[in-house]
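Colleague: Dropping a structure here in structure tokens format, bear with me for questions.
Values in this text are rule-based calculations from the coordinates and carry no lab data. No experiment lies behind these values; they were computed from the predicted model shown. Glycine gets a Cβ as well: all are built from the backbone with ideal geometry, and neighbour counts include every protein chain shown.
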Amino acid sequence: MIRRYVRRSIAWSVPGITLSVGSMVYALQYQKPTPTEFATFLAIAVPGMAMFVLGMMDLARAKRRHPAWGLLGIGGLLGAVGLLLIPDQSVIAASVCCTKCGRDLDIEDTACPTCGATRD
């Protein structure tokens, strides 16, 4: 995994999930919330969910996946578990390099674009 994105993922997702859980605890206090109480709930829950999804997008980037995979964070902790179970492509991408010049290659490349050597 790419460490820079892992750190950013933690920095976004931990406060995000904390705000989301806090908003649920706040909402459970009221059986029939007034419009002001409901607005307060939304003011806490929406930014919390947005922060959590941003954290999951960085986790997807850490695994060299498209950031759209982070939308699994909308599913809360279940979505986060799903994202954690997706294989990390950085291990695969880091292991493919040209044997002649050492350049990192894409998985789809059959020849090195720099030196033209074919991949074994």
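Colleague: From the list (1) 2, 11, 20, 19, 15, 13, 9, 6, 3, 1, 0; (2) 2, 12, 16, 14, 11, 11, 9, 7, 5, 3, 3, 2, 2, 1; (3) 2, 12, 21, 28, 21, 11, 4, 0, can you say which value of P(r) over Cα pairs in 5 Å bins from 0, in percent was derived from the structure given?
Modeller: Computed from the coordinates, P(r) over Cα pairs in 5 Å bins from 0, in percent corresponds to (2).
Colleague: Which of the peptides 59-71, 36-48 is most tightly packed, and how do the rest follow, going by the mean number of other Cβ atoms within 10 Å of each residue?
Modeller: Numbers: 59-71: 18.0, 36-48: 14.5.
Put in order of decreasing packing, that is 59-71, 36-48.
Colleague: So if we plug the beta-carbon distance of VAL25 and ALA50 into 1/(1 + (r/R0)^6) with R0 = 25 Å, what FRET efficiency do we get, rounded to 0.05? Each step should come with its number before you reach the end.
Modeller: Details: r = 19 Å, r/R0 = 0.75.
With a Förster radius of 25 Å, E is 0.85.
Colleague: May I pose another question? Could you list which residues have their amide H under 5 Å from that of CYS97, counting only those 5 or more apart in sequence or on another chain, with H placed in the peptide plane?
Modeller: Amide H neighbours of CYS97: LEU105.
Colleague: On to the next question. Applying the Karplus parametrisation 6.51 cos²θ - 1.76 cosθ + 1.60 with θ = phi - 60° to the phi angles of the range 49-65, what ³J(HN,Hα) value in whole Hz is obtained for each residue in order, glycine and proline being reported as x?
Modeller: Karplus values, whole Hz, x for Gly and Pro: 5, 4, 5, 5, 5, 4, x, 5, 5, 5, 5, 5, 4, 4, 8, 6, 10.
Colleague: Give the residue list of trypsin sites (Lys or Arg not before Pro) in the range 1-45 that are DSSP loop and have at most 12 other beta-carbon atoms within 10 angstrom.
Modeller: On the way: sites: ARG3, ARG4, ARG7, ARG8; in loops: none.
Those that pass, being in a loop and sparsely packed, number zero.
Colleague: Based on Cα coordinates alone, diagonalise the gyration tensor for the range 15-66, multiply each eigenvalue by 5, take square roots, and list the semi-axes in whole Å, largest first. List each step's numbers first, then the result.
Modeller: Numbers: eigenvalues 171, 16, 8 Å².
Equivalent ellipsoid of the range 15-66: 29, 9, 6 Å, largest first.
Colleague: For the range 40-46, take each phi angle, set θ = phi - 60°, evaluate the Karplus expression 6.51 cos²θ - 1.76 cosθ + 1.60, and give the result in whole Hz per residue in order, putting x for glycine and proline.
Modeller: Taking θ as phi minus 60°, the curve returns 5, 4, 5, 5, 8, 6, 5 Hz for the range 40-46.
Colleague: For the range 73-80, in order, what is each residue's ³J(HN,Hα) by Karplus, 6.51 cos²θ - 1.76 cosθ + 1.60 with θ = phi - 60°, in whole Hz (x at glycine and Pro)?
Modeller: x, 4, x, x, 5, 5, x, 5
Colleague: Still on this structure, I have one more. I'd like the FRET efficiency for ARG7 and LYS32, computed as 1/(1 + (r/R0)^6) with the beta carbon distance as r and R0 of 41 Å, rounded to 0.05. Can you show the working numbers first?
Modeller: Details: r = 43 Å, r/R0 = 1.04.
The calculated FRET efficiency here is 0.45.
Colleague: When the helices in the chain are scored as -39500 (n - 2.57) per DSSP H run of 4 or longer and the sum is shared across all residues, what 222 nm value do you end up with, to the nearest 500 deg cm²/dmol? Don't skip to the end; give the middle numbers.
Modeller: Details: 4 runs with 68 residues, N = 120.
Per the formula, -19000 deg cm²/dmol.
Colleague: Pop the C-beta distance of ARG103 and THR18 into the FRET formula with R0 = 41 Å and round what comes out to the nearest 0.05.
Modeller: Values: r = 43 Å, r/R0 = 1.05.
The formula returns an efficiency of 0.40 here.
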